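Structure record follows, encoded as structure tokens.
All of the numbers you see were taken from the coordinates with simple rules; none came from a lab. In this text the structure is predicted, and so the values were computed from the model without any measurement. As a convention, Cβ positions derive from the backbone with ideal geometry for all residues, glycine included, and neighbour counts pool all protein chains shown.
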Amino acid sequence: MADAYISGIGFHPFGRFPEKTLKQIAAEAALAALENANLDADGIDAAICANAYAGLLNGQESIRGQTWLRAIGVGAIPIINVENACAGGGSALHLATMAVRAGAYERILVVGAEKMFLGDNARTLAALATSSDIEVTEGVGMQFAALDAIRVKEVMHDEGLDEESLVWVSAKNHANGALNPNAHFRKGLGADAIRESRMIAAPIRLFMCSAISDGAAALVVSREPGRQGVRVRASALASAPVRARQGADSTAVRAARKAYDEAGLRPTDLDFAEVHDAVAPLEFYYYRALGLCAPGSLSRFIAERGSARDGAFPVNPSGGLTSRGHPVGASGIAQIAELVMQIRGEAGARQLARARRGIALNAGGWIGEDPAVNAVHILEAA
Amino acid sequence: MTTAGPDLRVKSNAHVFLLEGEGVGAPGLRATCCRICGAYSLGRVMACSFCLSRELDSCAAGQKGEIIEYAMSDHPAGGFAAPYAIAMVRTSEGLTLISPLVGNPSLFARGAPLHFVLVDRDEAGVTFAYAAGDQAA
């Protein structure tokens, strides 16, 4: 089986762009990725496009990717649309990686985009809530912030963490995001501002949460490394287990295990990570799932600032979803783009000292007791 | 002597819970019981979550449970006015679900016993929730 490389990356900044359509936002990122890979619209032989809510929020169903890419002159080639909630981006990359490795395509454009800011937060939050099993969650006050609060409280209880650890990790991500020109929030909110922000669902406060954002990110996945290619060392996907029969390992643990097994690597072989901090303290959940620290040692890892940019194992140097923002279909692609920038040495002021090999975990939806989907990728210098 | 008829109230969720008269053992959570292994699965399933058998019966479940963990939401959602409590609940049959909590918040805690209740929510119809304690007063 051949290798797959990321030979191009592109962004439309994350933020609020009421004057732009989803098509414009997606197309800008797609053009940037093609340019970064030194390609034009005829240089790809397939495209895979990730989006979650364009139907509910923007009225565009079904052929979203085709509409985006027509705006940049792309047609005729296979264009596949992927919906996997917030893990749509990681899922799209998984499909592209498999297809390139199998030799089915030479170069695949992967685009993730979302336009979520409508000036009606209740409508956007209602759309987000549909990324759960609505037969079970409709009419029960389901909201992801409250669910995330429950998950964070579980980790706090298991690991003996206090609320200051939540403040610290949120401030870390905001400080990193302040150095990211594509981030939604670049003010570098400090601990005091986070601590004093209003409660959303205790212990989660407003400035610990990712925002409703517009934005897009894109990649070119290719058989050849190209000018500055980064190799996809592992690409793994898992769904929420039917715990009754399949055991208690979470979606994240399963996806991470598959990725490590595929790559023949262990956590100690990696240098940094981008994880799905829909609320910043959820990072702690993923430190354990990815094996960055053993159960029971999380408080020491946090006390030692292990996941800071200058720590033993930096996590979310981009600012994470907390600061970069969370246009749902784009977030997983943006994580990969950050890995690529770090590995290439192109991350500017937030460049890590050691970034030869990184891991990204993209989570989406909820079903049963787990996120419905986790996509885990390991990337390394080619 | 009058006989109680079926509960004709409009439900906020058509799938996850049963009103009196809608199934054996109702009101309670809608569940599927396996005739082969005896296990319960939440909602309508086509194969047992434990043994994959297709020999299934619809049933009501979840009259009792406990809090796995909960959160107090200060943000309204889904027709629920803030503040309100929402929890991961494990029922006595081993079912796990997200549910609103009602009653005295000082009684909400990890492992606290719960019992199933129906809650009238005016225009939103009737919904289910869990209340602290082993049984209704």
Neighbouring Cβ atoms within 10 Å as the yardstick, rank A:254, B:90 fewest first. B:90, A:254
Looking only at Cα atoms, what is the convex hull volume of segment A:38-94 per residue, in Å³? 91
Radius of gyration, Dmax [the protein assembly as shown; alpha carbons; angstrom]: 23.3, 87
Once you put a point 7 Å from the Cα of residue B:123 and another 7 Å from the Cα of residue A:120, both along the Cβ direction, what distance in nm separates them? 1.5
Bridge type composition, segment A:237-382 - antiparallel percent by DSSP, nearest 5: 75
Once both labels are modelled 7 Å past Cα along the beta-carbon direction, what's the residue A:154-residue A:300 spacing in nm? 2.5
According to a simple spin-label model (label point 7 Å from Cα along Cα-to-Cβ), what is the distance in nm between residue A:76 and residue A:381? 4.0
DSSP beta bridges in chain A: the antiparallel percent, rounded to 5, is 75
The answer for the net charge of residues other than residue B:108 whose Cβ lies under 12 angstrom from its Cβ, with Lys and Arg +1 and Asp and Glu -1, is 0
How high is the relative contact order of segment A:52-198, in percent, counting Cα pairs under 8 Å that sit 6 or more residues apart? 15
Dipole size in debye (nearest 20) for segment A:1-123 around its Cα centre, Lys and Arg Cβ +1, Asp and Glu Cβ -1? 300
Evaluated at 37 °C and 0.692 mPa s, the Stokes-Einstein D of segment B:19-137 based on the Kirkwood radius over Cα pairs, in µm²/s, stands at 218
Order the peptides B:117-125, A:177-185 from the highest to the lowest mean number of other Cβ atoms within 10 Å of their residues. A:177-185, B:117-125
Net charge over other residues, Cβ less than 15 angstrom from the Cβ of residue A:271 (K, R count +1; D, E count -1): +4
How much net charge surrounds residue A:320 when only the other residues with a Cβ under 11 Å from the Cβ of residue A:320 are counted, with Lys and Arg +1 and Asp and Glu -1? -2
If you take every DSSP beta bridge fully contained in segment B:47-137, what fraction is antiparallel? Give it as a percent rounded to 5. 95
So for R0 = 25 Å, FRET eff. of residue A:198-residue A:164 from the Cβ-Cβ r, to 0.05, ends up at 0.90
For chain A, what is the calculated [θ] at 222 nm in deg cm²/dmol (nearest 500), taking -39500 (n - 2.57) for each run of four or more DSSP H residues and dividing by its residue count? -10500 deg cm²/dmol
Compare the peptides A:261-270, B:61-70, A:211-220, A:242-251 by average per-residue count of other Cβ atoms within 10 angstrom and give them in order, highest first. A:211-220, B:61-70, A:242-251, A:261-270
